[in-house]
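K.L.:
Structure in structure tokens, see below.
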Amino acid sequence: MLYAWREWQSTMWAPVLPWLQATADLLAKIDGIHHAAPCRQFAAGCDLLVRLIKHYDKPQFGLTHTEIAGQHIAVRERIVLERAFCRLVRFERATECRHPVVLVVAPLSGHHATLLRDTVQTMLPDFDVHITDWLDARHVPLARGTFHLDDYVAYVQEFIEFLGPEVHVVAVCQSTVPALGAIALSAAKRRCTPASVTLMGGPVDARQSPTVVNDLAVSKPLDWFARTLINTVPRPHAGAGRKVYPGFRQHTAFVSMNPDRHLKAHVEYFHDVSAGDTEAANKHRTFYDEYNAVLDMAAEYYLETVRVVFQDFALARGTWMVDGERVRPEAIRDTVLITVEGENDDICGQGQTHAAHDLCTAIESSRRFRMTVAKCGHYGIFSGSRWRTQIYPQIRALIQRFDKSSAQGNDSAMAALR
């Protein structure tokens, strides 16, 4: 009923929002009126109200070009594999370069893969980048079947095998657990494993330095999550009848983690629009256009993730079973391991990602690297200035060093990362 009520509410607001936005735009354009503070404030209020109420569709990556060796190179998105709940997307550059192949495993934890736009954009000049573009479960018809955590792992295995053993995997946040699980299972069966795996800000062992997210997961029994957070997709969506953890409920949870920060951001946006500070207002819009765009997750996948990752700590404890097989990270031998954590990460606490080193015991110490970034929060690990200037250059150097088709890197520079 809650999902249907939300849809009804959106339908009721739909004819009003264009009028409110048009009013805000008109007041901003009329000559002379921008000198009247009450009118500017009214325009800003209309604009803010629209942004607080409207539905945010999935954003586009919008990556149409990159620069390689000073040359402006066109880029286009191409779906190279498509499955019921995910598409493997390649950012195909107009000029083919012999660059290492990278598979970015985007998290399936509420936001779309476009949250990693800056990650992809930064990597494009140096790598042949592919990304897992997870689908909104409300758009997947019931006839396409269910989606479990085991399916996520199987998808990652399939994508790695499709791209070949020279691929380098970069897994962000939630995806670190199924990505590491997929590689471990493949290694145990001597199937295709990647040249390297970079785990960034993920809950490999959520027992370490628990955050608010971790505390919530263990504070309630699993059936509470099932009873309280799961809803049924209503008509007319293609996935009508599917049980999901709705995006709007996830968004509420995201905001509730830092309500003061979001309230302050929206108040500042109101004042920026009122003052005509277009640059500051556009920065707010850019961030919240992405942050407010959320997707529904299949209920079975969400509940299994809560249990396996955040309640049972099954990967860290060595008890995780996938399709009847136990996940054994100690089976991984030939894959370089890189882990990245942010000192100020309030979603994934310190030590949770680096814990992978204690699990992957068969990887030689000379092929294991860890990075803790000072004064860096969760999103700063894969987006923003710290990602571009501090984290990425080190990851790039490591991948290029261990890529079979690349020249050897600077060993002394690499040693500083260990």
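K.L.:
Restricting attention to segment 291-309, which residues are aromatic (Phe, Trp, Tyr) and either surrounded by 21 or more Cβ atoms within 10 Å (Cβ to Cβ) or more than 16 Å from Ala253 (Cα to Cα) (or both)?
P.N.:
Result: Tyr301, Tyr302.
K.L.:
Pairs needed: first member in segment 186-199, in the same structural domain as Ala356 (by TED's automatic domain parsing) and touching a residue at least 40 places away in the same chain (Cβ under 8 Å); second member anywhere, assigned to a helix (DSSP H, G or I) and polar (S, T, N, Q); C-beta distance under 7 Å; at least 6 residues apart or different chains.
P.N.:
So the pair list comes out as Thr193/Ser186; Leu199/Thr176.
K.L.:
Turning to a different aspect of this structure: With the requirement that a residue be more than 27 Å from Val306 (Cβ to Cβ) and touching a Ser or Thr at 6+ places or on another chain (Cβ under 6 Å), what does segment 106-137 give you?
P.N.:
Asp118, Leu124, Pro125
K.L.:
Going by the structure shown, is Ser175 part of a helix (DSSP H, G or I) and without any contact (Cβ under 8 Å) to a residue 60 or more places away in the chain? Give the derivation first.
P.N.:
On the way: part of a helix (DSSP H, G or I): yes; without any contact (Cβ under 8 Å) to a residue 60 or more places away in the chain: no.
The answer is no for Ser175.
K.L.:
For residues in segment 37-71 being among the hydroxyl-bearing types (Ser, Thr, Tyr) and either farther than 20 Å from His284 by Cβ or free of Cβ contacts under 8 Å to residues at least 24 places away in the same chain (or both), which is surrounded by the most Cβ atoms within 10 Å (Cβ to Cβ)?
P.N.:
The residue in question is Thr66.
Results for (1) among the hydrophobic types (A, V, I, L, M, F, W, C); (2) out of contact with any helix residue (DSSP H, G or I) (no Cβ under 6 Å at 6 or more places or on another chain); (3) modelled with pLDDT under 95, shown as yes or no for each residue.
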position: Ala113; (1), (2), (3): yes, yes, no
position: Asp118; (1), (2), (3): no, yes, no
position: Val129; (1), (2), (3): yes, no, no
position: Asp151; (1), (2), (3): no, yes, no
position: Leu163; (1), (2), (3): yes, yes, no
position: Cys173; (1), (2), (3): yes, yes, no
position: Ala179; (1), (2), (3): yes, no, no
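K.L.:
Now, a different point. Does Ala280 satisfy the condition of being within 30 Å of Lys58 (Cβ to Cβ) and not β-branched (Val, Ile, Thr)?
P.N.:
Yes, satisfied.
K.L.:
A further question on this structure: Return yes when Leu180 is in a strand (DSSP E or B) and surrounded by 15 or more Cβ atoms within 10 Å (Cβ to Cβ) and no when it is not.
P.N.:
The answer is no for Leu180.
K.L.:
Then there is this: Which of the residues belonging to segment 272-289 are in a helix (DSSP H, G or I) and surrounded by fewer than 18 Cβ atoms within 10 Å (Cβ to Cβ)?
P.N.:
Ala275, Thr278, Glu279, Ala280, Asn282, Lys283, Arg285, Thr286, Phe287, Tyr288, Asp289
K.L.:
Right, here's the next one. Going through segment 240-271 one residue at a time, which ones are buried (at least 18 other Cβ atoms within 10 Å of the Cβ), over 18 Å from Ala293 (Cα atoms) and either touching a Cys at 6+ places or on another chain (Cβ under 9 Å) or modelled with pLDDT of 95 or more (or both)?
P.N.:
Once the filter is applied, which keeps residues that are buried (at least 18 other Cβ atoms within 10 Å of the Cβ), over 18 Å from Ala293 (Cα atoms) and either touching a Cys at 6+ places or on another chain (Cβ under 9 Å) or modelled with pLDDT of 95 or more (or both), segment 240-271 yields Arg242, Lys243.
K.L.:
Given Phe254, Phe270, Phe310, which one is in the same structural domain as Ile399 (by TED's automatic domain parsing) and in contact (Cβ under 8 Å) with a residue 24 or more places away in the chain?
P.N.:
Criteria check complete, one pass: Phe310.
K.L.:
Another question about this same structure. Please go through segment 343-369 and pick out each residue that is in contact with a strand residue (DSSP E or B) (Cβ under 9 Å, 6 or more places away or on another chain) and either more than 19 Å from Phe382 (Cβ to Cβ) or of a type in the set (Gly, Ala, Ser) (or both).
P.N.:
Hits for segment 343-369 are Gly349, Gly351, Ala355, Ala356, His357, Cys360, Ile363, Arg367, Arg368.
K.L.:
Among the residues of segment 361-370, is there at least one that is at pLDDT 95 or above, closer than 24 Å to Leu116 by Cβ, among the polar types (S, T, N, Q) and assigned to a loop (DSSP other than H, G, I, E, B)?
P.N.:
Scanning segment 361-370 turns up no residue that is at pLDDT 95 or above, closer than 24 Å to Leu116 by Cβ, among the polar types (S, T, N, Q) and assigned to a loop (DSSP other than H, G, I, E, B).
K.L.:
Hey, Ala316 hits all of (1) farther than 26 Å from Gly241 by Cβ; (2) hydrophobic (A, V, I, L, M, F, W, C); (3) assigned by TED's automatic domain parsing to the domain that holds Val212; (4) touching a strand residue (DSSP E or B) at 6+ places or on another chain (Cβ under 9 Å) but one; which does it fall short on?
P.N.:
(4)
K.L.:
Here's something else I'd like to know. From the list Leu81, Leu88, exactly one residue is over 30 Å from Ala280 (Cα atoms), buried (at least 20 other Cβ atoms within 10 Å of the Cβ) and in contact with a strand residue (DSSP E or B) (Cβ under 8 Å, 6 or more places away or on another chain). Which is it?
P.N.:
After applying the criteria, what remains is Leu88.
K.L.:
Would you please list the contacts, defined by Cβ atoms under 6 Å and residues six or more apart or on different chains, that run from a residue in segment 79-98 that is assigned by TED's automatic domain parsing to the domain that holds Pro141 and part of a loop (DSSP other than H, G, I, E, B) to a residue that is exposed (fewer than 12 other Cβ atoms within 10 Å of the Cβ) and of a type in the set (A, V, I, L, M)?
P.N.:
Pairs found: Ala94/Ala74.
K.L.:
Restricted to segment 196-234, and to residues that are out of contact with any Phe, Trp or Tyr (no Cβ under 7 Å at 6 or more places or on another chain) and assigned to a strand (DSSP E or B), which residue is surrounded by the fewest Cβ atoms within 10 Å (Cβ to Cβ)?
P.N.:
Among residues in segment 196-234 that are out of contact with any Phe, Trp or Tyr (no Cβ under 7 Å at 6 or more places or on another chain) and assigned to a strand (DSSP E or B), the one surrounded by the fewest Cβ atoms within 10 Å (Cβ to Cβ) is Thr198.
K.L.:
Now for a separate question. Collect the residues in segment 217-253 that are closer than 25 Å to Lys58 by Cβ and of a type in the set (Ser, Thr, Tyr), keeping them in residue-number order.
P.N.:
Thr232, Tyr245, Thr252
The values are calculated or read from the model by the stated rules, or taken from the named source; none is laboratory data. Note that the structure is predicted; figures quoted are calculated from it, not measured. We place every Cβ from the backbone using ideal geometry, glycine too, and count neighbours over all the protein chains shown.
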